[in-house]
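The values are calculated or read from the model by the stated rules, or taken from the named source; none is laboratory data. Nothing here was measured: the structure is a model prediction, and the numbers come from that model. Every residue, glycine as well, gets a Cβ built from its backbone with ideal geometry; the counts of neighbours run over all protein chains shown. These area figures cover heavy atoms from the full protein model, side chains too; ligands, DNA and RNA do not enter into them. Shrake-Rupley method; radii C 1.70, N 1.55, O 1.52, S 1.80 Å.
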Amino acid sequence: MELDTWIRSIGERRWPILPDTLLALNDQITRHPDLIRFTDLANLTLSDPLLLFDLLRVIGGSRALQRNETIPSIEQSMMLIGLEGVVNRFGRLTPLDASDGRFSDEVLEAVGMWLARGRVAALVIKDWLSIDGEHKMEDCFVAALVYNLPACFYLLYRNEVPVGPLLLQVAGSFETDYPKVLDRFVRDMPLPSGLQQLLGPGAPSKRKQLLKLAVATANGLEQGHWRSQWQTGVDAAARLIGASYDEAYQAVVMATLQVARHSRAPGYGYPARELLWLEGEYHRIAPTATAALPVGASVETLLKEAMRHLANDLKFERILFLRYDKAQHILKLRYQVGLAETHPLRKMPIDLEPGSFFALLTSKPQSFHAPAQVRAKLVRKYQDAFFTHFGDQEFAVMTVFAENTLLGVFYVDNGLSGQPIDETVYHKFKELVTRLTHHG
């Protein structure tokens with residue numbers, strides 16, 4: 001689907017909000033009008049980015065509220081809309097749950113987790129700006145809450161949790177960078193134009209840099225706070241605000257704890273749990289909504305875990321798992337990261353004709369690393385149709401067997417940037433696939 005069509009489809013409907021938020025909201029708006037306080041409604045709105053989105057759509061369509069190209073405070077916006085208008089709009093909202101069968105439990109859990117990261121980022125940027133002596137911060141707070149919203153709608157729209165990094169998956173689906181998806185989302189919805197100054201392209205400023213670092217810090221907790229890349233981001237923020245690393249880091253700790261203590265969904269506690277992880281390999285938190293795996297799911301779960309590791313730890317830009325179909329004696333795409341929606345391989349089977357590259361590869365457990373010059377030789381020698389769809393960059397592949405039975409093939413490359421695969425990364429690729437797929 002084209003990006004503009006997708007954004008338009010989101011804007012054509014009202015979206016539900018978190019169930020706990022709706023309960024609290026109904027408690028407030030059903031009171032006597034004299035007892036309803038805009039301050040309480042504003043704080044509740046800022047606790048759930050989905051509720052915030054519903055209000056921002058009203059603001060975004062108002063020229064009067066946008067004339068200064070700023071982001072009005074939530075309380076001010078409610079006052080301008082009027083108590084009756086706010087109550088009428090909020091009174092028609094529905095809960096985001098699995099009761100009507102539209103969304104899976106796993107997707108709802110993931111949405112809560114990504115909304116929580118937005119909340120953490122918002123509280124972090126608020127504290128960092130406060131340390132820097134800034135008093136105007138609600139615009140950055142709101143921008144941080146909005147940042148992950150397109151990814152959350154992507155989850156709800158597909159009703160499926162990707163096996164790789166979510167923001168990369170969104171970007172790959174629309175064949176553009178996630179910040180560009182976000183910019184179009186803000187502009188075309190439309191949301192308040194002031195958000196584009198913070199989230200869109202343009203001259204960098206300290207506020208924009210801090211916002212970017214706060215979002216990266218919150219979203220990056222999932223891959224491990226001990227990583228040098230994550231710590232470098234916190235250190236960069238500390239330098240911008242003239243604080244120590246410990247002060248900037250403490251803001252992250254307090255933000256994750258506040259989000260967990262004022263939870264709107266089970267996923268709101270995940271950032272705090274991620275902050276408690278000890279250094280080691282990345283393990284995605286299993287959704288609490290799934291009590292047990294169905295019979296026969298263990299192999300699929302391990303394969304998905306391998307995909308996540310390859311994307312998050314080894315940073316491969318394109319990852320494919322080609323499942324072996326014994327009945328047809330072909331390989332078919334099962335899981336992928338970084339593959340465009342229109343890519344031919346999504347539907348193209350790979351025949352294992354005698355003498356073909358993949359027929360030889362899948363004849364036994366083995367791996368293969370093909371730098372650019374080696375790949376060129378393979379193309380000339382085998383002339384497999386597969387090679388015509390993946391440019392001329394190097395790649396690595398590895399077969400997956402279980403008790404002498406072929407399960408499929410992992411394929412990895414850096415087809416988006418063209419970066420080479422060094423030997424260290426290649427050996428880690430082999431070790432990772434071997435360990436995860438032989439675990440069970």
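Quick look at the values:
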{"read-out": "Distance between the range 391-416 and the range 338-389 - C-alpha centres, whole angstrom", "value": "9 Å"}
{"read-out": "Förster-model FRET efficiency, 60 Å R0, Arg380 and Trp226, C-beta, rounded to 0.05", "value": "0.85"}
{"read-out": "Accessible-area composition of the chain, carbon plus sulfur, in percent [1.4 Å probe]", "value": "52 percent"}
{"read-out": "Residues in the range 118-135 reached by a label modelled at Met254 [backbone nitrogen below 16 Å; 7 Å Cα→Cβ]", "value": "120-135"}
{"read-out": "For the range 299-349: rounded, prolate or oblate by the Cα gyration tensor [a/c cutoff 1.5]", "value": "oblate"}
{"read-out": "Acute angle (nearest 10 degrees) that the helix 245-261 long axis makes with the longest principal axis of the chain, alpha-carbon atoms", "value": "80 degrees"}
{"read-out": "Förster radius 41 Å - calculated FRET efficiency between Ala340 and Leu275, Cβ distance, rounded to 0.05", "value": "0.75"}
{"read-out": "Asp422 paired with Arg261, simple spin-label distance in nm, labels 7 Å along Cα-to-beta-carbon", "value": "4.4 nm"}
{"read-out": "DSSP loop GluC sites (Glu not before Pro) with at most 16 other Cβ within 10 Å excluded, longest remaining stretch of the chain", "value": "176-278"}
{"read-out": "The range 1-125: C-alpha pair distances exceeding 23 Å, %", "value": "38 percent"}
{"read-out": "q = 0.12, 0.14, 0.23 Å⁻¹, the range 148-251: log10 I(q)/I(0) [Debye, one scatterer per Cα]", "value": "-0.49, -0.66, -1.25"}
{"read-out": "0 to 90° range, to nearest 10: angle between helix 105-131 axis and the chain longest Cα axis", "value": "60 degrees"}
{"read-out": "Label zone at Asp132 (point 7 Å along Cα-to-Cβ), backbone N below 13 Å, the range 167-206", "value": "198, 204-206"}
{"read-out": "Most to least packed among 176-183, 189-196 [average Cβ atoms within 10 Å]", "value": "189-196, 176-183"}
{"read-out": "Pair Asp105, Met348: separation of 7 Å Cα→Cβ label points (nm)", "value": "4.0 nm"}
{"read-out": "Convex hull volume per residue for the range 107-186, taking Cα atoms only, in Å³", "value": "91 Å³"}
{"read-out": "Those aspartates and glutamates that a straight Cα-Cα span of less than 19 Å connects to Lys208, excepting residues fewer than 8 apart in one chain", "value": "Glu69, Asp127, Asp132, Glu134, Glu138, Asp139, Asp177, Asp183, Asp235"}
{"read-out": "Mean-position separation - Cα centroids, the range 126-159 and the range 1-31, in angstrom", "value": "17 Å"}
{"read-out": "The chain pair-distance distribution - Cα-Cα, 20 Å bins, rounded %", "value": "23, 52, 22, 3, 0"}
{"read-out": "C-alpha center-to-center spacing [the range 80-108, the range 187-239] in angstrom", "value": "28 Å"}
{"read-out": "Where labels lie 7 Å past Cα in the beta-carbon direction, separation of Gln209 and Arg89 in nm", "value": "3.6 nm"}
{"read-out": "Segment Glu247-Arg31, length gained on full extension (0.36 nm per residue, minus Cα span)", "value": "73.6 nm"}
{"read-out": "In sequence order, calculated HN-Hα J values of the range 216-222 (Karplus, 6.51, -1.76, 1.60; Hz; x Gly/Pro)", "value": "5, 5, 5, 5, x, 4, 4"}
{"read-out": "The chain: angle of helix 298-312 to the longest principal axis, Cα-based, in degrees nearest 10", "value": "70 degrees"}
{"read-out": "The range 324-354 residues near the modelled Glu175 label - backbone nitrogen below 14 Å, point 7 Å along Cα→Cβ", "value": "339-346"}
{"read-out": "Mean shadow area of the range 187-247 over all directions, Cα convex hull, nm²", "value": "5.2 nm²"}
